[in-house]
Amino acid sequence: MNTDFFIDLLHKVKEFENSEACKPHSTTEDFRLWLNDQKYRKESPTKLFKNEEHQVAFTENEICKQVLLLARYSKQLIRKGLNDFPELANEEFTYLYRLKDEPNLTKIHLIERNGHEKQTGTQIIKRLLEYGLIEEKNDSEDKRSKRLNITKKGEDYFHRSVKKVNITSRILAGKLENNEKNEFLELLRKLNDFHSNLYFQYKNSNIDEITEAFD
C-alpha cells in the first residue's frame, strides 16, 4: 500500500468534513455511508445494463433513479417534519389538506386526487376516520357513496401542522435558486400532468399497453 492511497483517503476525509453529512460527532460508519452515497450518486444506472450487453436510455433511466431517490428522501423528511403529528406523518396529511381545500369529496375522488390505488387510499382514509380527523356521511344522491369532511379536531391539526409542513417543504426544495425552483416546478407539473393522464386513462392497463399508447 503506497502513500498515494493515504493522501487520497485524507482528501476524502476532508471532503466529508466539508459536507453537510458531517456532524460534530460523526463516526467512521457515517464516513463509510457517505462514501457509499457518493459512489452511488456517480454511478449511472446504465452501467449494469451495459455490462450485461443490454441497450438502455441513459437520460430516462437517470431520471427514474433520481425520482425514486427523491421520493425516499422526501418520505423520511416528512416523517421528521411531522414528528409532533404522528397521525399525519405518512400520507395522511396530504388527504387532510386536500379535504381542507376541497371539502365534501367522495372517498374515490379523494383517493384519485392523491394518485393512489384504491386499496392504499382506503387504508389512509380509514386511519383518518379512526383518528377522528375526518368524518363521513352518506351521499345524498348516491347512497352507495360516502362524502368526507374535516372534523373540528382535523381543523385543529391542519392549522397546527401548517408551520411544520412549510418548514419541511423549504428543506425539500433544497438550496435551489428561485429561478431554478420555478423551472423545476414547471417541469414537475408537466411530468405529473402526463402521469395523471396515465393514471386515469390507463389504470387497468399493463405496461405493454401503456407503452404502445405512449409511443
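The values are calculated or read from the model by the stated rules, or taken from the named source; none is laboratory data. Since the model is a prediction, treat every value here as computed from it, not as a measurement. Neighbour counts are summed over all protein chains in view; Cβ atoms, including those assigned to glycine, are modelled from backbone coordinates with ideal geometry. The accessibility values were calculated without ligands, DNA or RNA, using every heavy atom of the protein model including side chains. Shrake-Rupley method; radii C 1.70, N 1.55, O 1.52, S 1.80 Å.
Collect the residues in the range 147-171 that are basic (Lys, Arg) and buried (at least 18 other Cβ atoms within 10 Å of the Cβ), keeping them in residue-number order.
So the first thing to find is which residues in the range 147-171 are basic (Lys, Arg), and the list is 147, 152-153, 160, 163-164, 170.
Once the filter is applied, which keeps residues that are basic (Lys, Arg) and buried (at least 18 other Cβ atoms within 10 Å of the Cβ), the range 147-171 yields Arg147, Lys164.
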Next on the checklist: So, in the range 68-95, exactly how many residues are modelled with pLDDT of 90 or more, of a type in the set (D, E, K, R) and not in a helix (DSSP H, G or I)?
Outcome noted: 1
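In the set Lys14, Lys23, Lys65, which member is open to solvent by 100 Å² or more (accessible area, probe 1.4 Å), modelled with pLDDT of 80 or more and within 27 Å of Ala89 (Cβ to Cβ)? Lay out the reasoning, then the answer.
Values: Lys14 fails: within 27 Å of Ala89 (Cβ to Cβ); Lys65 fails: open to solvent by 100 Å² or more (accessible area, probe 1.4 Å).
Criteria check complete, one pass: Lys23.
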Checklist entry - Do any residues in the range 172-190 that are on the phi < 0 side of the Ramachandran plot have Cβ atoms under 6 Å from those of residues that are in a helix (DSSP H, G or I) and charged (D, E, K, R), where the two are at least six apart or on different chains, and which pairs are they? => result Ala173/Lys181
Checklist entry - Residues in the range 145-154: is at least one assigned to a helix (DSSP H, G or I) and within 26 Å of Lys80 (Cβ to Cβ)? => result yes
